[in-house]
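The values are calculated or read from the model by the stated rules, or taken from the named source; none is laboratory data. All figures in this text were calculated on a predicted structure; none of them were measured in a lab. Every residue, glycine as well, gets a Cβ built from its backbone with ideal geometry; the counts of neighbours run over all protein chains shown. SASA here: full protein model, heavy atoms, side chains in, ligands and nucleic acids out. Shrake-Rupley method; radii C 1.70, N 1.55, O 1.52, S 1.80 Å.
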Amino acid sequence: MSMTVVSRNSDSISNASSYVSNVTDDPLLPWLQSIDEALQSPSSGPLNNFADFDALVANCIDTFKYDPRYRDDVRFLKIWFLYMDGRPDYEGIFREMVENKICIRKALLYESFALFLEAKGRLIDSCMIYHLGISRNAEPLGRLKKAQVLFLERMSEKVTNGSFQKMKNDVSVENVDNFVNPWSVATLKDLLQKMNSQVVQYEGYHPSSRAYPGKVSLTSLLKSARNKTIDIGGEKYQIKGCAGQGGFAQVFKAFVNSNPEDAVALKIQKPPFPWEFYMYRQLDLRIPEHERKSFGFAHRLHLYSDYSVLVSDYFAHGTLQDAINSNVVIGGSMEEVLCIYYTIEMLQILETLHGTSMIHGDFKPDNLLIRYSRDDPTGDENDFRHRTGTWCEQGLCLVDWGRGIDLSLFPQGTKFIGDSRTSGFRCIEMQESKPWTFQVHLRSL
């Protein structure tokens, strides 16, 4: 018998109980010590088989399951999962835990049971448990949401691998070797390791092996960020509000050294993610200078062991999606000439991008920021056509390069099989589990 979620290695129990010294105040302690001893020496201790061990755990559960002192005790929660292991009625045990309100407000309950179900092959049920914990605002909620995202990524890998096997029946062997999931953790990790010597030379790259050392916790920004000041790389950033949020990252508007004339966007991500910075520096190298303002700019990346902070340009006029929504709210639609203008902008952006062997991977209105010139655009047709003069400052700016793909890092002819899981913007090839390249842009357009 092997424990799937809560290991029968003694560390998970002994570490939790070592700080308690008063048995009178904590009657659970002797049970924890007995379980700990059994885990440390299962063959030489008084419990010589798993039946005896399971009886000990079951008696501990029966003794304390109605005791209100242990409803939110993580040590007792771990005992419940030891009790659950190997029993066919694990769903009934989970219901009993919920009925007795055992850690029902703690993310660990839902994360552990979801992992337990995943190991049993109950993937849909596992997904539902994540949803249940999130709907109950189990704490820490951020950890549970990230665990859910990681679960979905694992499921995506399973689906992709299944689709990959299906593709093998329809293509030649030499072509199969050129199918890659560009967004898998393994692919990105491998590429970053290969490019590390190049990345560390980039201007604005500030790596550290330490955790973020600032006095203001970056995690605290999720609950209340406005007007907090954080220190990063010798600069003080006054947070003015949240400008966007995803599964792993939050984007904040901030004033550098409290200067309203120097506003930037801070993308704070956990776990740390340097890939987007690499893509921005490739844009610096490959995009023609007169087109560069259409692709966003990263000033610097501070890479810690627990977080990464990407400092980039801030745009005050919102996204193309915001502009669309503002018309929908009043029951109207965007003027035709403006639709034509923005369509030209998007076509120009994609044409330029495709000429540089780069794919954005998440091309959608949410990631297209609106740029306005400080001065009114001229009526000069040539300025408009060639995007010169004031028209150079006007238009759209493609940002959020976390799913960017550098085609130069892959063998010529490589096709991709990852799924962006972006509702409404998945190309037909993704929907039909077929390989793709630039189709991911054309569908979004």
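The mean accessible area for residues of the chain, using a 1.4 Å probe and ignoring ligands and nucleic acids, is 51 Å² per residue. Were the residues from K236 through A211 laid out at 0.36 nm apart, the gain over their Cα-Cα distance would be 7.2 nm.
For region 329-445, the share of accessible area belonging to carbon and sulfur comes to 50 percent (1.4 Å probe, ligands and nucleic acids excluded). At full extension, D26 and T437 could sit 141.9 nm farther apart than now, given 0.36 nm per residue minus the alpha carbon distance. Efficiency by 1/(1 + (r/R0)^6): what FRET value for N137 and V200, r their Cβ-Cβ distance, R0 = 56 Å, to the nearest 0.05? FRET efficiency, N137 to V200: 0.85.
Each Cα pair under 8 Å and six or more residues apart adds its sequence gap; the mean of these over the residue count of region 341-436 is a relative contact order of 30 percent.
Angle of helix 28-40 to the longest C-alpha principal axis of the chain, folded into 0 to 90 degrees and rounded to 10: 80°. Each residue of region 304-311 was assigned a 3J(HN,Hα) from its phi angle through the Karplus curve 6.51 cos²θ - 1.76 cosθ + 1.60 (θ = phi - 60°); the sequence is 9, 6, 10, 9, 10, 10, 9, 9 Hz, with glycine and proline shown as x. The lysines whose alpha-carbon is closer than 19 Å to the alpha-carbon of K145, local same-chain residues fewer than 8 away aside, are K106, K223, K267, K270. Estimated at 0.36 nm per residue, the fully extended path between V328 and A58 surpasses their Cα-Cα distance by 91.3 nm. Relative to the dominant Cα principal axis of the chain, helix 320-329 is inclined by about 90°. Each Cα pair under 8 Å and six or more residues apart adds its sequence gap; the mean of these over the residue count of the chain is a relative contact order of 11 percent. The fraction of accessible area contributed by carbon and sulfur in region 71-124 is 48 percent, rounded to a whole number (1.4 Å probe; ligands and nucleic acids excluded).
Between 0 and 90 degrees, the angle of helix 74-84 with respect to the longest Cα principal axis of the chain falls at about 80 degrees.
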